[in-house]
Amino acid sequence: MNPAAGRGGIRASLPEIRDAFLARGQTTIVGTTAPGEEEALARQAIREGATTIVAVGGDGTCGRIANALLRANASCRLAVVPSGTGNDFAKTLGVAKYDAREIAALVERGSETRIDVGLADGNYFINSCGFGFDASVLDATSRVRLLKGDAVYIYAALRQLFTYRGIEVAPRGAPGVTRGPMLMVTVSNGRYLGGAFKIAPRASVFDGRLDVCFFSDSNVLQRVGLFVGAMRGTHLGMPSVKSASVQELTLSFDSAPFMEMDGELRLARSKTLDIRCVPQALSVIAAPGAPV
């Protein structure tokens, strides 16, 4: 359990969530006390023979636990009680509207699915990896105080539309895309980003590929159009957007970029990043009929 999930909004629900799992005999429940502690707790659970780890948190919590599982090459399954701000990974698993009792029932049934993950800059990502506007918006959300849920990202993105300057990117491995100024580059395993945006409407976590979108830098009016299109998932047909489905990709920047990875902001270790898909690497518990 991550008590800071959802900007702290999950705290009031923690007793109810705990009771939902205790009622089904799932008694090993631990809480994080500091950012990043999820990985250490997951490694401990793996050593103790856990077969399923349930993340009560958002995309960052899920991503950190997934990294522990993947680095340990563990067969342990990952489930999630959606409790974050955007819950993009929960949408992929089809459980974004499930409550703790429904997740506990899924865990008890134990059916699992293996999904692809991405690998960039030495870290795995389960949902997305983004550069430019995406990372800038994520940074701006830390200064949004009164809003919660999708509204946090929408508000921060609208403000950034008028001030963000763009980045210079040189891609290799994306046919038809050359070096130039970009508003944003997103590399997606799942379809959703920031809760409200269907950034990769054609993405699948089963196809062994990542969906990359290059957004050329543009004027404010065009940026507004991109914003609306990304919310609807209709932006791929716009002139300033180029997309590709890739197994691997290299992105070069003028300096080491900040990057959004599963809802967390990171500074890349170098100015050139190799990004690739790792097919069927992670075992998850999803809703019946999901993911796609």
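Go through the stretch 168-184 and report how many residues are out of contact with any Leu (no Cβ under 8 Å at 6 or more places or on another chain) and not basic (K, R).
9
Please tell me if L210 is modelled with pLDDT under 95 and among the aliphatic types (A, V, I, L, M).
The answer is no for L210.
So which of R209, R191 is in contact with a Cys (Cβ under 8 Å, 6 or more places away or on another chain) and charged (D, E, K, R)?
Going through R209, R191 in turn, the sole match is R209.
Residue by residue through the stretch 101-141, note down the ones that are in contact with an Asp or Glu (Cβ under 7 Å, 6 or more places away or on another chain), of a type outside the set (A, V, I, L, M) and assigned to a helix (DSSP H, G or I).
Residue satisfying the conditions is D134 alone.
Picking from V95, V80, V152, V56, which residue would you name as being surrounded by 24 or more Cβ atoms within 10 Å (Cβ to Cβ) and assigned to a loop (DSSP other than H, G, I, E, B)?
Exactly one of V95, V80, V152, V56 is surrounded by 24 or more Cβ atoms within 10 Å (Cβ to Cβ) and assigned to a loop (DSSP other than H, G, I, E, B), namely V95.
The values are calculated or read from the model by the stated rules, or taken from the named source; none is laboratory data. Because the structure is a prediction, the values reported are computed rather than measured. As a convention, Cβ positions derive from the backbone with ideal geometry for all residues, glycine included, and neighbour counts pool all protein chains shown.
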